[in-house]
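Enquirer: First, the structure itself, so that you have it in front of you.
The values are calculated or read from the model by the stated rules, or taken from the named source; none is laboratory data. Just so it is clear, the structure is predicted and the values come from calculations on it, not from any experiment. Positions of Cβ are generated from backbone atoms using ideal geometry, with glycine treated the same way; all protein chains shown enter the neighbour counts. Side chains included, ligands, DNA and RNA excluded: accessible areas come from the protein's heavy atoms. Shrake-Rupley method; radii C 1.70, N 1.55, O 1.52, S 1.80 Å.
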Amino acid sequence: ADSGSVDETVSRALALARRHALRDRLFLRRLERYLRPGPILELGAATGHLSAILAEHGHVVTASDIFEGYIAASSARGVETLRVDATRDILAQTGTTFANILAQAVMPLTHRDEARLLATLHAIHAALERQGRLICIGVHAWRQPDPQVFFSPGEQIAIAESSGLFRLVTRFPHQVVPTGLYRPWNARLLNFLDHKLAWIGSVRVVWVLEKIGA
């Protein structure tokens with residue numbers, strides 16, 4: 001891509017991150033109960049805003065992406081950021097293991113290619129510490145223009161469990177309130193509603209998988 005299109009892509013991602021910041025600060029506080037003590041790797045971190053928030057919360061976080069524009073934007077936040085292809089040997093690429101691996105809109109929107117998904121799960125499994133956790137956040141596949149292209153969350157969980165690599169810890173819906181309605185004065189109330197009303201019709205799904213074996 002030319003530099004203009006790269007800059008435009010990064011600018012759009014930064015603007016999206018700013019809109020989501022109020023909600024995500026509160027959302028990640030709730031999500032922290034599922035994290036294992038220890039370092040976190042975020043896969044597909046884009047501009048790194050989730051990693052930056054987790055770092056603000058006191059976590060040791062490494063962001064990662066495969067797009068150089070995103071890596072530069074994430075690094076500019078002061079977050080350690082690496083180039084990582086999640087379908088390959090993550091441990092070799094990072095040089096270390098993690099207690100938690102976070103994937104927002106990466107695993108959740110996996111194209112319907114079971115071999116590729118299994119390769120990714122194996123790479124994540126090898127990069128996790130014993131009983132480490134994979135936390136996935138993403139929109140429902142049916143919300144996409146061409147939903148049959150993607151595995152649903154249920155299908156992904158079933159594949160992960162049948163692989164013998166992971167067990168399901170929890171799965172829950174999240175977010176019914178449009179992000180644009182969040183303001184500093186109403187953020188706590190809207191975040192509460194995003195959790196309590198999510199069973200009616202959520203935008204996103206969260207699932208937590210725990211590593212089985214060494």
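Enquirer: Taking only region 94-121 into account, find how many residues are surrounded by 15 or more Cβ atoms within 10 Å (Cβ to Cβ) and either outside any helix (DSSP H, G or I) or in contact with a Leu (Cβ under 7 Å, 6 or more places away or on another chain) (or both).
Expert: 15
Enquirer: Tell me, which helices (runs of 4 or more DSSP H) wholly within region 1-84 include 3 or more residues that are more than 26 Å from Asn186 (Cβ to Cβ)?
Expert: Answer list for region 1-84: 3-31, 68-76.
Enquirer: Let me ask another. Determine whether Gly180 is out of contact with any strand residue (DSSP E or B) (no Cβ under 9 Å at 6 or more places or on another chain), open to solvent by 10 Å² or more (accessible area, probe 1.4 Å) and either outside any loop (DSSP other than H, G, I, E, B) or at pLDDT 90 or above (or both).
Expert: For Gly180, the condition - out of contact with any strand residue (DSSP E or B) (no Cβ under 9 Å at 6 or more places or on another chain), open to solvent by 10 Å² or more (accessible area, probe 1.4 Å) and either outside any loop (DSSP other than H, G, I, E, B) or at pLDDT 90 or above (or both) - is met.
Enquirer: Suppose we keep only residues that are open to solvent by 10 Å² or more (accessible area, probe 1.4 Å), small (Gly, Ala, Ser) and touching a strand residue (DSSP E or B) at 6+ places or on another chain (Cβ under 9 Å) within region 73-93. Which one would you say is modelled with the highest pLDDT?
Expert: Ser75
Enquirer: Considering Ile157, Ile124, which residue is in contact (Cβ under 8 Å) with a residue 24 or more places away in the chain, of a type in the set (A, V, I, L, M) and buried (at least 21 other Cβ atoms within 10 Å of the Cβ)?
Expert: When all the criteria are applied, what remains is Ile124.
Enquirer: Checking His140 against (1) free of Cβ contacts under 8 Å to residues at least 12 places away in the same chain; (2) open to solvent by less than 50 Å² (accessible area, probe 1.4 Å); (3) under 23 Å from Ala46 (Cα atoms), which test does it fail?
Expert: Result: His140 passes all but (1).
Enquirer: Continuing with this model, one more query. Is there any pair linking a residue in region 31-50 that is under 12 Å from Glu129 (Cα atoms) to one that is at pLDDT 95 or above and surrounded by fewer than 18 Cβ atoms within 10 Å (Cβ to Cβ), with Cβ under 6 Å and at least six apart or on different chains, and which?
Expert: Pro39/Val60
Enquirer: Checking Ile200 against (1) hydrophobic (A, V, I, L, M, F, W, C); (2) free of Cβ contacts under 8 Å to residues at least 40 places away in the same chain; (3) more than 18 Å from Gln104 (Cβ to Cβ); (4) not in a helix (DSSP H, G or I), which single condition isn't satisfied?
Expert: Among (1) hydrophobic (A, V, I, L, M, F, W, C); (2) free of Cβ contacts under 8 Å to residues at least 40 places away in the same chain; (3) more than 18 Å from Gln104 (Cβ to Cβ); (4) not in a helix (DSSP H, G or I), Ile200 violates only (4).
Enquirer: Another question, if that's okay. Please pick out the residue among Arg130, Arg171, Arg167 that is open to solvent by 40 Å² or more (accessible area, probe 1.4 Å), touching a residue at least 24 places away in the same chain (Cβ under 8 Å) and either assigned to a helix (DSSP H, G or I) or more than 23 Å from Arg30 (Cβ to Cβ) (or both).
Expert: It is Arg130.
Enquirer: A follow-up question, please. Is there a residue in region 1-20 that is in contact (Cβ under 8 Å) with a residue 60 or more places away in the chain, touching a strand residue (DSSP E or B) at 6+ places or on another chain (Cβ under 9 Å) and not aromatic (Phe, Trp, Tyr)?
Expert: The answer is no; no qualifying residue exists.
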